[in-house]
1. For chain A, what is the calculated [θ] at 222 nm in deg cm²/dmol (nearest 500), taking -39500 (n - 2.57) for each run of four or more DSSP H residues and dividing by its residue count?
2. Kirkwood hydrodynamic radius of segment A:161-239 from all distinct Cα pairs, in Å?
3. Students often forget the sequence filter, so: which lysines lie under 21 Å Cα-Cα from A:Lys52 once same-chain residues fewer than 8 apart are removed?
4. Indicate, rounded to the nearest 5 percent, the antiparallel portion of the DSSP beta bridges found entirely in segment A:8-231.
5. Given the options A:Gly74, A:Gly133, A:Gly49, state which has the largest fluctuation in a GNM of chain A using a 10 Å cut-off (strictly under) for Cα springs.
6. About its Cα centre, how strong a charge dipole does chain A have in debye, to the nearest 20, once Lys and Arg get +1 and Asp and Glu get -1 at the Cβ?
7. Whole-Hz ³J(HN,Hα) for each residue in segment A:185-199, computed from phi via Karplus 6.51 cos²θ - 1.76 cosθ + 1.60 with θ = phi - 60°, x for glycine and proline: what do you get?
8. In segment A:107-179, what trypsin sites (Lys or Arg not before Pro) fall in a loop by DSSP, with at most 10 other Cβ atoms inside 10 Å?
Amino acid sequence: MPDDSAEAVLRARGLTKVYDRGEVPVHALRGVDLDLVAGELVVLLGPSGSGKSTLLNIIGGIDRPTAAHVHFQGHDLATADERALTAYRRHHVGFVFQFYNLIPSLTARENVALIADIARQPMAPDEALALVGLGARLDHFPAQLSGGEQQRVAVARAAAKRPELLLCDEPTGALDSRTGVLVLEALARVRAELNTAVAVITHNVAVADMADRVAVFADGRIAATRVNPRPRSPGELSW
Amino acid sequence: MLALDRKLWRDLWHIKGQALTIAIVIACGVGTLVMALGAL
Ligand SMILES: Nc1ncnc2c1ncn2[C@@H]1O[C@H](COP(=O)(O)OP(=O)(O)OP(=O)(O)O)[C@@H](O)[C@H]1O
Ligand SMILES: [Mg+2]
């Protein structure tokens with residue numbers, strides 16, 4: 001969904017991905033165009049297997065496209081080497097996944113510090129955790145936090161490097177409505193604070209109400225795109 | 001200390017029993033080898 005009006009942070013064109021292992025090749029993406037704009041929240045909807053995660057992994061530099069141009073700050077990720085992709089992920093991309101992937105033997109603060117240690121101009125871990133509303137739980141281990149709190153630590157960890165892109169694959173997938181709203185509020189606060197481009201994959205149609213733009217996937221393509229005239233704040237959502 | 005180093009030490013402390021056991025087994029092996037070579 002090209003958007004030529006605003007300057008895109010990331011510009012993907014003609015994204016295709018074919019998984020060629022196994023007997024029949026799987027066409028996970030069949031020509032996707034997507035722009036991510038600073039400070040904008042895009043929600044990606046669509047049925048299981050439609051290619052949402054594949055897209056997010058490619059624009060996050062975790063996976064490689066079969067064919068595409070993916071422009072980020074004058075570089076093309078599609079032709080970048082492994083070292084360049086690693087640097088891109090490290091300095092520019094924050095990830096949040098459905099399962100929080102925190103390190104069990106480190107506290108909330110240390111989990112965030114792990115990223116702050118290798119980032120260029122990181123936020124202080126305490127500051128990042130305060131941003132997601134966990135300023136009082138700094139020294140708790142993941143096992144001492146609820147799922148929603150762990151996910152907010154994951155959001156703080158992703159935000160600590162001040163990424164240009166914050167990519168979230170079903171961040172509320174394992175959470176109930178009330179807890180999920182807290183996580184979405186954390187994402188919204190990170191976006192407001194850092195002017196990050198945010199992309200959120202969800203199966204939860206209610207989440208689309210907080211988006212600036214919604215892209216609906218079907219069978220490896222973006223089947224529909226709509227701009228939300230009045231995005232709601234996360235606090236107004238429930239499901 | 002980097003958070004990653006802290007993780008390393010903390011994880012090592014968690015498996016200190018196993019780590020110690022492995023160290024003793026290796027020490028025994030090396031000791032046996034040294035004795036065997038010395039007896040030649
Ligand atoms: N590593 C892989 N090897 C082969 N096929 C894969 C691989 N990863 C994904 N696929 C296939 O690519 C297609 C798209 O998968 P993808 O994970 O992007 O879907 P999705 O939209 O994220 O679905 P969900 O909502 O269930 O997470 C699926 O048909 C899937 O089976
Ligand atoms: Mg997925």
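1. Using -39500 (n - 2.57) per qualifying helix, the result is -8500 deg cm²/dmol.
2. Final number for the Kirkwood radius of segment A:161-239 is 13.2 Å.
3. By straight Cα distance, A:Lys52 reaches A:Lys17.
4. 55 percent
5. Fluctuation is largest for A:Gly74.
6. About 40 debye.
7. Listing the rounded values in order: 4, 4, 4, 5, 5, 4, 4, 5, 6, 9, 6, 7, 7, 10, 10 Hz.
8. Those satisfying the criteria are A:Arg120.
Each value in this text was obtained by applying a stated rule to the coordinates, not by laboratory testing. Since this is a predicted model, take the numbers as computed values, not measurements. With ideal geometry, Cβ positions are generated from the backbone for all residues, glycine too; neighbour counts draw on all protein chains shown.
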